[in-house]
Amino acid sequence: MKLVRKDLEKDNAGQVTLIPEEPEDMWHTYNLLQVGDSLRASTIRKVQTESSTGSVGSNRIRTTLTLCVETIDFDSQACQLRVKGTNIQENEYVKMGAYHTIELEPNRQFTLAKKQWDSVVLERIEQACDPAWSADVAAVVMQEGLAHVCLVTPSMTLTRAKVEVNIPRKRKGNCSQHDRALERFYEQVVQAIQRHINFDVVKCVLVASPGFVREQFCDYMFQQAVKTDNKLLLENRSKFLQVHSSSGHKYALKEALCDPAVTSRLSDTKAAGEVKALDDFYKMLQHEPDRAFYGLKHVEKANEAMAIDTLLISDELFRHQDVATRARYVKLVDSVRENMGTVRIFSSLHVSGEQLGQLTGVAAILRFPVAELSDQEDESSSEED
């Protein structure tokens with residue numbers, strides 16, 4: 001993402017002009033937009049024209065519109081963003097108050113104005129404009145007959161290819177059908193890797209599977225690479241890292257990212273940091289439950305006691321339509337930081353973010369034990385009796 005201009009007032013009202021440069025920047029833009037914001041961007045509008053003879057025709061004209069945002073639709077696989085709203089600035093082709101849909105896309109500038117730019121939104125702009133935040137991890141999660149080729153970016157896990165091949169069982173004295181199908185499956189996975197993984201950017205490719213599937217696949221891939229003199233694979237052989245996972249489904253990627261060999265290799269990526277934080281939370285919940293809280297009420301209570309060491313929060317909560325609810329989450333984040341706590345904002349498009357979403361989307365690891373909120377409620381209700 002490229003920041004062209006930033007004009008903010010003392011009360012944090014104002015506007016920023018940005019150019020999304022990569023598909024992932026569309027995800028950042030989706031998280032910046034809120035209902036009620038004003039969005040200015042170039043768009044194509046169908047305009048009816050009347051000639052001197054009275055015949056009516058229609059032309060598609062490129063024009064710049066400023067909309068008051070009403071609905072936002074994001075397609076995570078295609079990384080496309082559609083914003084619908086009403087025109088709030090005079091335009092020769094579009095009446096004031098007329099509805100229009102703008103499709104935001106990479107390399108097209110837009111200006112976003114808000115009445116209030118909060119700390120979470122401003123931090124996202126900083127992250128999006130930092131070139132170090134790029135898709136530097138790829139993963140192949142596989143089992144016999146099923147594989148998912150994924151890109152793990154700082155903000156989301158994108159499934160780039162799904163390979164499914166029916167593998168017949170081995171028959172006594174005849175394994176040829178099984179072996180042929182397996183070879184066909186491995187070949188399709190190799191093709192998907194070459195098609196979807198950019199080795200100029202990716203630092204590490206995780207190959208995760210149960211059993212010996214990953215070893216057999218890697219042996220096959222590099223034997224074929226030597227036979228066909230495939231320089232792309234041979235030159236990047238050191239980037240492949242084999243790890244265990246329970247299956248070839250996308251959700252098993254979290255197990256692969258938890259592997260100590262992987263976390264040390266990916267120590268500089270945001271995704272690994274999120275997975276470790278969530279893993280630490282679950283360990284704390286198991287061994288010291290009074291130092292692991294989840295749910296907004298409980299976490300706010302721990303924050304009042306200045307007990308939060310690490311706050312885990314899903315970015316989905318900051319897209320809440322209710323302004324007061326969103327402000328409550330922003331206030332929690334700011335307060336934890338003021339009290340010298342660490343804040344990790346999880347992407348709801350990451351496997352770790354999906355898991356955090358199942359825990360209400362907000363959780364905290366505490367510095368010291370705090371009495372359970374439910375215990376305190378029980379005590380207060382018994383006092384009233």
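Observations on the structure shown:
- In this structure, the amide hydrogen of Val207, modeled 1.01 Å from its nitrogen in the peptide plane, lies closer than 5 angstrom to those of Val140, Leu241, Gln242, Val243, counting only residues at least 5 positions away or on a different chain.
- Other-chain or far-sequence residues with amide H under 5 Å of Ala161's (modelled H): Val149
- Local net charge near Asp7, Cβ-Cβ under 14 Å (Lys/Arg +1, Asp/Glu -1): +4
- A dipole drawn for the chain from +1 and -1 charges on Cβ atoms has a positive end, and of Phe293, Cys204, Asn166 the residue lying farthest that way is Asn166.
- Within the straight-line cut-off of under 16 Å between alpha carbons, the aspartates and glutamates reachable from Lys283 are Glu255, Asp259, Glu274, Asp309, sequence neighbours fewer than 8 places apart in one chain being disregarded.
- Within the range 271-376, DSSP assigns beta bridges of which about 60% are antiparallel (rounded to the nearest 5).
- Summing charges over neighbours of Ile88, with a neighbour being any other residue whose Cβ is under 12 Å away from its Cβ, gives -1 when K and R count +1 and D and E count -1.
- Antiparallel DSSP beta bridges within the chain, percent to nearest 5: 80 percent
- Sum of side-chain charges, Thr64 neighbourhood, beta-carbon under 13 Å (Lys, Arg +1; Asp, Glu -1): +2
- Beta-bridge orientation, the range 137-268: approximately 60 percent antiparallel, per DSSP, counting only bridges with both partners inside.
- Averaging Cα coordinates gives a centre for the range 46-94 and one for the range 280-317; these two points are 46 Å apart.
- Flagged links, alpha-carbon separation over 25 Å, of Lys162/Lys203; Lys114/Lys250; Lys46/Lys114; Lys170/Lys231; Lys231/Lys276; Lys2/Lys115: Lys114/Lys250; Lys46/Lys114; Lys170/Lys231; Lys231/Lys276
- Estimated FRET transfer efficiency when R0 is 41 angstrom, pair Val323-Ser55 (beta carbons, to 0.05): 0.25
- Accessible area (Å², per residue) of the chain, counting only protein heavy atoms and a probe of 1.4 Å: 52 Å²
The values are calculated or read from the model by the stated rules, or taken from the named source; none is laboratory data. Keep in mind that this is a model prediction, so the values were computed, not measured. Glycine also receives a Cβ, built like all others from the backbone with ideal geometry; neighbour counts cover every protein chain displayed. Surface accessibility is based on the protein's heavy atoms, side chains included, excluding ligands, DNA and RNA. Shrake-Rupley method; radii C 1.70, N 1.55, O 1.52, S 1.80 Å.
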